[in-house]
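The values are calculated or read from the model by the stated rules, or taken from the named source; none is laboratory data. Source: prediction; values computed, not measured. Using ideal geometry, Cβ is built from the backbone for each residue, glycine included, and neighbour counts are taken over all protein chains shown.
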Amino acid sequence: MTTAKRDLLALTDLSTAELRALLRRAAELKRLQKAGACPTPLAGRSLAMVFEKASTRTRVSFDVGMRQLGGHPLMLRGDELQLGRGESAADTAQVLGRYVDGIMVRTFEHDKLETLAKYAPVPVINALTDLLHPCQILADLQTCAEAFGDAALPDLRVAWIGDGNNVAHSWINGARVLGFELVLACPAGYAPDPAVLGPAQAAGAKVRVVRAPSEAVAGAHVVTTDVWASMGQEQEQAIREAAFAGYQVDAALMAGARDDAIFLHCLPAHRGEEVSAEVIDGPRSRVFDEAENRLHAQKAVLEWLLGGRPLVG
């Protein structure tokens with residue numbers, strides 16, 4: 001019997017057991033790499049990496065991760081593809097699927113990603129859309145597990161400060177799957193998309209939105225944020241700076257979290273805007289561990305989707 005193709009477009013594509021297993025495997029792959037014993041289960045396999053948005057961590061971590069697993073990454077910029085000249089996403093997906101074993105996509109419209117996944121005969125991985133960024137939250141959760149222990153993940157309290165954007169949406173999905181508490185402090189007009197928040201709350205996720213950052217961080221294990229203006233929103237910078245005044249993660253705000261709380265940021269960061277230099281460069285910051293964990297978490301995803309390694313069962 002043929003096994004149905006799996007994609008990773010959102011964390012909600014995973015069961016709780018699968019997500020926990022993926023994080024454990026990511027941690028194991030990190031230990032193996034540090035010991036110089038990285039497995040190569042993807043020898044002879046290839047990954048098309050489609051980039052329509054700029055990238056540092058995503059591009060390097062997927063490229064290096066694929067190579068470390070023995071596979072071949074193929075970098076494809078949007079302006080190099082016929083996709084950028086009007087070829088449909090459906091046609092592009094079917095063609096690429098005849099050549100490669102998986103497709104990683106970093107793009108703007110989530111609808112385009114879903115179309116690629118619908119028509120591609122091989123697994124498709126969401127490396128970022130304007131709606132979701134699941135690979136980032138996999139790395140974030142791996143970093144949380146390193147700080148507090150894997151068993152503690154469902155009991156964490158996470159505070160998100162700032163824009164209800166694609167990273168915030170994937171934190172919401174993470175809370176929905178794993179069960180940890182998530183409190184998002186967002187200015188008026190910048191709350192998460194109801195299409196993501198509503199289903200999570202209806203499913204019983206411990207997620208709520210507040211206005212005051214101090215309320216969100218009270219008792220938090222994790223305090224996290226993102227830039228005020230994401231890619232494609234640069235023309236809104238001045239408006240957003242005014243809207244987000246008072247939403248900077250600084251030492252005074254971090255003082256409201258637990259004594260052992262950690263600070264996360266998906267990077268790139270703007271010191272002096274969404275976070276102070278004192279916090280992001282201070283002892284509570286785990287941002288570079290978090291960035292490194294993009295490599296290990298995505299290797300676990302690649303091993304699962306392209307290599308057929310079962311997560312559970």
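Residues in region 222-251 that are acidic (Asp, Glu) and at pLDDT below 85: Glu234, Glu236.
Criterion applied to Met49, Met75 was being in a strand (DSSP E or B) and under 20 Å from Asn293 (Cβ atoms), and the one residue passing it is Met49.
How many residues does region 1-51 hold that are in contact with a Lys or Arg (Cβ under 7 Å, 6 or more places away or on another chain), surrounded by fewer than 20 Cβ atoms within 10 Å (Cβ to Cβ) and closer than 28 Å to Val167 by Cα? Residues meeting the conditions: 1. Selection of region 26-41 for residues being aliphatic (A, V, I, L, M) and either in contact with an Asp or Glu (Cβ under 7 Å, 6 or more places away or on another chain) or not in a loop (DSSP other than H, G, I, E, B) (or both) yields Ala26, Ala27, Leu29, Leu32. Inside region 244-257, residues that are surrounded by fewer than 18 Cβ atoms within 10 Å (Cβ to Cβ) and out of contact with any Ser or Thr (no Cβ under 7 Å at 6 or more places or on another chain) make up a count of 4. Quick check on this structure: which one of Arg59, Arg31 is in the same structural domain as Leu128 (by TED's automatic domain parsing), within 23 Å of Leu311 (Cα to Cα) and among the charged types (D, E, K, R)? None of the others qualify; the one that does is Arg31. When the test is whether a residue is in contact with a strand residue (DSSP E or B) (Cβ under 9 Å, 6 or more places away or on another chain), outside any helix (DSSP H, G or I) and either of a type outside the set (S, T, N, Q) or closer than 22 Å to Ala147 by Cα (or both), Val209 passes it.
Here is a yes/no grid of residues against (1) at pLDDT below 95; (2) part of a loop (DSSP other than H, G, I, E, B); (3) surrounded by fewer than 17 Cβ atoms within 10 Å (Cβ to Cβ):
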residue: Asp259; (1), (2), (3): no, yes, yes
residue: Val279; (1), (2), (3): no, no, no
residue: Asp289; (1), (2), (3): no, no, yes
residue: Asn293; (1), (2), (3): no, no, no
residue: Ala297; (1), (2), (3): no, no, no
residue: Ala300; (1), (2), (3): no, no, no
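Against the test of being farther than 15 Å from Leu19 by Cβ, in the same structural domain as Pro283 (by TED's automatic domain parsing) and among the basic types (Lys, Arg), the options Arg176, Arg157 yield a single qualifying residue, Arg157. Scanning region 174-206 for residues that are at negative phi, assigned to a loop (DSSP other than H, G, I, E, B) and surrounded by fewer than 21 Cβ atoms within 10 Å (Cβ to Cβ) returns Pro187, Ala188, Tyr190, Ala191, Asp193, Ala203, Lys206.
For the structure I just gave you, tell me whether Ala269 is surrounded by fewer than 22 Cβ atoms within 10 Å (Cβ to Cβ) and closer than 16 Å to Ala168 by Cα. Yes: the conditions hold for Ala269.
Here region 53-72 is the region considered, the condition is being in a helix (DSSP H, G or I) and hydroxyl-bearing (Ser, Thr, Tyr), and the residue that is surrounded by the most Cβ atoms within 10 Å (Cβ to Cβ) is Ser61. Quick check on Val227: is it over 20 Å from Ala17 (Cα atoms), part of a loop (DSSP other than H, G, I, E, B) and of a type outside the set (Gly, Ala, Ser)? Yes.
Pairing each residue of region 234-261 that is closer than 14 Å to Glu274 by Cα and assigned by TED's automatic domain parsing to the domain that holds Leu156 with any residue that is charged (D, E, K, R) and part of a helix (DSSP H, G or I), provided the two are 6+ apart or on different chains, yields C-beta distances under 6 Å for Ala251/Glu278.
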